[in-house]
Amino acid sequence: MSAEAYPHQPGYKTEQPETSREAAESLGDRARLIREQVLQVLTVFPDVTPDEAAQFLKLDKLAVRPRFSELAAQGKIEDSGARRKNASGKNAACWRLVRKLGQLTLL
C-alpha cells in the first residue's frame, strides 16, 4: 500500500488485521477509480444512494459503499438528508457533492 492513508486509500479494521488489510491492499488503484466514478455519478445524479450508484456503474455494492465513506471523510460528498429504501427494504442515506462557497447553484 502507498504511504497515503485513509481516506485516500481503502481502510481496514484492526480487529482482523491480516484479512482486512489484505482486502484493502488488493484494491490498489481500483478504489481510486471507483471514487472517481462515484463523483461522476453524483455530478449527473445529485442525490443518490451507494447501492443506486453501484447499480448505475454495474459494480458490486460492496465495492462501492466504502468509497462513499472515503469520499465523505475527504469532505467531497455529504449526506443530503434524503432517504430511500434499498433492496433490503431498509432506508439508505442519499449523498450529494459538497457545495463549496462561490459555486453557482441553478434552480
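Bear in mind these aren't lab numbers, they're just calculated from the coordinates by the rules spelled out. Note that this is a predicted model, so its numbers are computed, not measured. Glycine also receives a Cβ, built like all others from the backbone with ideal geometry; neighbour counts cover every protein chain displayed.
Which semi-axes, in whole Å and largest first, does the equivalent ellipsoid of the stretch 17-97 have when worked out from the alpha carbon gyration tensor as the square roots of 5 times its eigenvalues?
Taking √(5λ) for each Cα gyration eigenvalue gives 21, 14, 12 Å.
Using the Cβ atoms and a cut-off under 11 Å, what net charge is assigned to the surroundings of Arg35, where Lys and Arg are +1 and Asp and Glu are -1?
Counting the neighbours of Arg35, the net charge comes to +1.
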